[in-house]
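Structure record follows, encoded as structure tokens.
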Amino acid sequence: VQLQASGGGLVQPGGSLRLSCAASRSISSFRSMNWYRQAPGKQRELVAAFTSGGRMNYQDSVKGRFTISRDNAKNTVYLQMNSLKPEDTAVYYCKLTTWSFDDYWGQGTLVTVSS
């Protein structure tokens, strides 16, 4: 499975970006779909997730600002990011997990929030 993440870039504080994670096969076959991020000098952290039960979970710091969504027809998972803050600056990664718990990672896309 190949994952292609895109949509990152430079945005001013308060701005918005939408990240995409396109999979090479049907995303309906995956157990869970997640977005992580890693800021310079920090550990990678989970930002948003579609769980195996179909629920959406968010890190507290992004609740109300970020939205994870999916388009099964396009085999793509999205992360809509609004009201961006400088502390959201990081490389964002998508990860899809199969029902046999195999993980597949996208290559990462850089989001820089700065004036």
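The values are calculated or read from the model by the stated rules, or taken from the named source; none is laboratory data. As the structure is a computational prediction, the values presented were derived from the model and not from experiment. Here the Cβ is made from the backbone with ideal geometry for all residues, glycine too, and neighbour counts use every protein chain on show. Surface accessibility is based on the protein's heavy atoms, side chains included, excluding ligands, DNA and RNA. Shrake-Rupley method; radii C 1.70, N 1.55, O 1.52, S 1.80 Å.
List of remarks:
- Prolate is the label for the chain, because the ratio a/c of its alpha-carbon gyration tensor axes (a ≥ b ≥ c) is 1.5 or higher and a/b is greater than b/c.
- Dipole of the range 43-115, positive end: most advanced residue of Val62, Pro86, Leu96 [Cβ charges, Cα centre]: Val62
- At the residue level, Thr89 shows approximately 40 square angstrom of accessible surface with a 1.4 angstrom probe and all protein chains present.
- Taking all protein chains together and rolling a 1.4 Å probe, Lys85 ends up with roughly 80 Å² accessible.
- Theoretical FRET efficiency, 1/(1+(r/R0)^6), r = Cβ-Cβ of Ser16 and Thr98, R0 25 Å, to 0.05: 0.20
- Computed over protein heavy atoms with a 1.4 Å probe, the accessible surface of the chain works out to 52 Å² per residue.
- Sequence-distant lysines (8 or more away, or on other chains) whose Cα lies within less than 23 Å of Lys42: Lys63, Lys85, Lys95
- Rounded to the nearest 0.05, the FRET efficiency derived from the C-beta distance between Arg31 and Glu87 at R0 = 25 Å is 0.25.
- Modelled spin-label separation between Arg55 and Gln43, with each label point placed 7 Å from Cα along the Cα-to-Cβ direction: 2.2 nm.
- Protein heavy-atom surface of the chain, 1.4 angstrom probe: 46% of the accessible area is carbon and sulfur, with nucleic acids and ligands not counted.
- Considering only Ser61, Ser29, Ser100, the Gaussian network model of the chain with Cα springs below 10 Å gives its largest mean-square fluctuation to Ser100.
- Protein-only accessible surface order, largest first, of Asp103, Asp88, Asp60, Asp71 at 1.4 Å: Asp60, Asp103, Asp71, Asp88
- Spacing of the two label points (7 Å from each Cα toward its C-beta) at Trp105 and Val1, in nm: 1.5
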